[in-house]
Each structure stands twice: as structure tokens, then as C-alpha cells.
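Peer 1: Can you keep this structure in mind? I'll have questions shortly.
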Amino acid sequence: DYESGHIPGAINIPLHTFDIPEVPEGIYPWTCPEDGNLKAPEKLKAAIESYGITHDTMVIVYSGDESYISGAYRVAWALMYAGVADVRYLNGDLDLWRESGGEIETVTNTPIAVEDFGATVPAHPEYYATTAEVEEMVNNPEAVIGDDRRWNEYASDDESLACGYEFFCVTGHIATAVWVKNQSWYLDNIYSGNDENSASHPATMRSYTEIQKMWSDVGITTDTEVAFHCGGGWRSSHVWFCAYLMGYEHASNYDGGWYEWTWDPSRPVVHGENPSAE
């Protein structure tokens, strides 16, 4: 996708770059609870340095035409967690860049590694929710766990409907978790079906007021401790980024997600619908 065309000067950061396991063929399959999570701090720091990024580099992240948009948001989240102070997301991605008359190039740009990131990693551990922290949130009535998987993943007991991953399948959702709609809902575009004329429009972020209203309806305010999660921390990176932009200072991304949660059968799981559902 990168080789077919990109913004002049852009470098390519493959989806699995900051994650474990460290395998040359890519991110799958995952075979242990930690797979799919961010690398340990020192390895994450080294990976970021290899792309020529320091803590004071301004980084603009975007997705290509055939790429997984949540993966791009995950890169943004990982950089911000590590401590890059100025990370931005190109609203509308490559599609809007092109539609707005932006130039496209196909030359491969090779990043020049830096010797040191310039800050301790992670600078913002509060952006990252661990399984242990989410376990505590289950029993905390003041905290909210926001599940942004597809509705069928959240509510259905039918494996054919609930399982969207090739390498694991467990139905249900985390006990007390509220459904905050699927990640695609956060885009005003054809994927979310919000606009009958959206086929000709790029994928741009949904109106803040609509997001705020929906979150408020399920108990999420700017003062709420909330951890967003999906299957493995990618879709929820997108939702977390929305929360960050909107000033929700107590929001985190549960990196392990449903995949890591369900490795231990003693963790509380609920089946069926939840009052947060529409």
C-alpha cells in the first residue's frame, strides 16, 4: 500500500512494528497472552529510535488506501504512550490528502535512526491499561470499561457471529463493560453508514458532540476513569485517541483486550446484551 503511493517524505511503519511477538512474517498468529501487546519499554524505545523519532519530533500519522486505519491510530497511541510530545493524526487519511490536491510519490523513504529517544519510556503509562488494572475496574462502580468491538462480538453467543479473529474465539464480554459502539462508528464515512452520500467522502472523525452524547448515555464523562478495549488494542487505540482529543484525561487503552482477558477462565465474563446496548 505504501509503495503504491504516499505523501512526499512519508516513511512506512508496518502495523506490527511496535508489538510482540517479534516475528519476520508479521503479527499473527498470537500464541500467548502477551502477544499483540506493545513491546517492553526498552525495546519499544529502540524501535521508535530506528525510525528517526525522538521525544520532540512532530509526527503526523495517517493510513493508506488499503491499510487498516486502526493500525495507524495504534501507532499514534504507541508513540504518545512512549513520550513523543507532538503526535497528530491526518483527519481523512491519504484519501482526503489526495482529494484536497496533495501530491503523491512512490519513492521509498528510508528513515535515519537516532541515537537516543531523549526521554524515559514510557512517559505516559496512564495511557495504557493493564489486565490487572481492568480487573480492579470491574469492581469499581466509579470506573467504566468501554467495549468498542462489533455489536455481535460484544453481545452474541453465536460463534459464527461473535468471533472475528482467525486464531481465537471466545464469546461474551468483560463483566460490567458497556458497549460504546464499534470503532467504525467513530468515522463519518461509508464504513459506518452515517451518510447516504458518503461513498464519495474520505473517512473523517465523527462530530465530537455526537461522541460525547453517546458516551454520556453509558456513564462516561470527562471525569470518568475509563478503559477502552477491543480484541487486541487496535480498534480501541482509535477510540482512545478520540477521548484524548476531547479532553478525557482519565482514559486509557486496554492493550491486552478481549484476547488477553479470556486466557484466564476465572476472569468474569458476561454473555448477552447489556443495558448500554441500543
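The values are calculated or read from the model by the stated rules, or taken from the named source; none is laboratory data. As the structure is a prediction and not an experimental result, all values here were calculated from the model. Every residue, glycine as well, gets a Cβ built from its backbone with ideal geometry; the counts of neighbours run over all protein chains shown. Note: areas computed on protein heavy atoms with side chains; ligands, DNA, RNA excluded. Shrake-Rupley method; radii C 1.70, N 1.55, O 1.52, S 1.80 Å.
Peer 1: Mean-square fluctuation check for the chain, GNM, Cα pairs under 10 Å: which of Thr17, Thr54, Thr108 is largest?
Peer 2: Sorting by GNM fluctuation, first place goes to Thr108.
Peer 1: Another one. Need one number: the % of Cα-Cα pairs in the stretch 199-258 sitting beyond the 17 Å mark. Present the calculation step by step, with values, prior to reporting the outcome.
Peer 2: Values: 732 of 1770 pairs.
Considering the stretch 199-258, 41 percent of its Cα-Cα pairs are separated by more than 17 Å.
Peer 1: While we're on this one: Whole number please: convex hull volume per residue of the Cα set in the stretch 53-198, in Å³? Mind showing how you got there, number by number?
Peer 2: Details: hull volume 26.8 nm³, N = 146.
Expressed per residue, the convex hull around the Cα atoms of the stretch 53-198 is 183 Å³.
Peer 1: Something else: Above 15 angstrom, tally the Cα pairs of the stretch 60-104 and express them as a % of all pairs, no decimals.
Peer 2: Values: 431 of 990 pairs.
So the portion of pairs separated by more than 15 Å is 44 percent.
Peer 1: Something else: Sort by residue number and name the cysteines in the chain that have no neighbouring cysteine Cβ under 4.7 Å.
Peer 2: Cysteines lacking a close Cβ partner in the chain: Cys32, Cys230, Cys242.
Peer 1: Leaving out ligands, DNA and RNA, what percent of the accessible area of the stretch 1-116 is carbon and sulfur, probe 1.4 Å? Kindly include the intermediate steps, with their values, before the conclusion.
Peer 2: Working: 3110 of 5810 Å².
Carbon and sulfur: 53 percent of the exposed surface of the stretch 1-116.
Peer 1: Based on C-alpha coordinates, I'd like the Rg and Dmax of the stretch 1-129, in Å.
Peer 2: Spelled out, the Cα radius of gyration and Dmax of the stretch 1-129 are 14.8, 45 Å.
Peer 1: Taking Cα pairs under 8 Å and at least six residues apart, what relative contact order does the chain come out at, in percent?
Peer 2: On the way: 516 pairs, mean separation 58.0, N = 278.
Worked out over the chain, it gives 21 percent.
Peer 1: Which distance in Å, rounded to a whole number, links the C-alpha centroids of the stretch 1-55 and the stretch 223-251?
Peer 2: Each part's Cα centre sits 20 Å from the other's.
Peer 1: Let me ask something else. Whole number in Å², please: accessible area per residue of the chain, 1.4 Å probe, ligands, DNA and RNA not counted. Walk me through the intermediate numbers first.
Peer 2: Values: 13060 Å² over 278 residues.
Per residue, the chain has an accessible area of 47 Å².
Peer 1: Express in % the proportion of alpha carbon pairs of the chain at distances exceeding 24 Å.
Peer 2: On the way: 19265 of 38503 pairs.
The answer is 50 percent, as a whole percent.
Peer 1: While we're looking at this one, here's another question. What order do Thr204, Thr221, Thr31 take when sorted by accessible area (1.4 Å probe), most exposed first?
Peer 2: On the way: Thr204 35, Thr221 65, Thr31 100 Å².
Final ranking, largest accessible area leading: Thr31, Thr221, Thr204.
Peer 1: If you place +1 on the Cβ of every Lys and Arg and -1 on the Cβ of every Asp and Glu, how big does the dipole about the Cα centre of the chain come out, in debye to the nearest 20? Please report the intermediate quantities before stating the final value.
Peer 2: Working: 13 positive and 45 negative charges, 43 e Å.
The dipole magnitude comes to about 200 debye.
Peer 1: Tally up the carbon and sulfur contribution to the accessible surface of the stretch 213-276 as a whole percent, 1.4 Å probe, everything protein left in place. Each step should come with its number before you reach the end.
Peer 2: On the way: 1180 of 2420 Å².
Of the solvent-accessible surface of the stretch 213-276, carbon and sulfur hold 49 percent.
Peer 1: Could the peptides 109-119, 66-76, 226-236 be put in order, highest first, of the mean number of other beta-carbon atoms found within 10 Å of their residues? Write down the numbers at each step before the final one.
Peer 2: Working: 109-119: 12.6, 66-76: 21.0, 226-236: 27.2.
The packing order, highest mean first, is 226-236, 66-76, 109-119.
Peer 1: Provide the percentage of antiparallel DSSP beta bridges, counting only those with both residues in the chain; round to the nearest 5.
Peer 2: On the way: 6 of 22 bridges.
The answer is about 25 percent antiparallel.
Peer 1: ³J(HN,Hα) across the stretch 60-76 via Karplus (A = 6.51, B = -1.76, C = 1.60, θ = phi - 60°), whole Hz, x for Gly/Pro?
Peer 2: 10, 9, 7, 10, x, 5, 10, 8, 8, 4, 5, x, 5, 5, 5, 4, 4
Peer 1: Find out how many positive minus negative residues lie around Thr171, taking Lys and Arg as positive, Asp and Glu as negative, among other residues whose Cβ is under 10 Å from that of Thr171.
Peer 2: Spelling it out: positives minus negatives among the neighbours equals -4.
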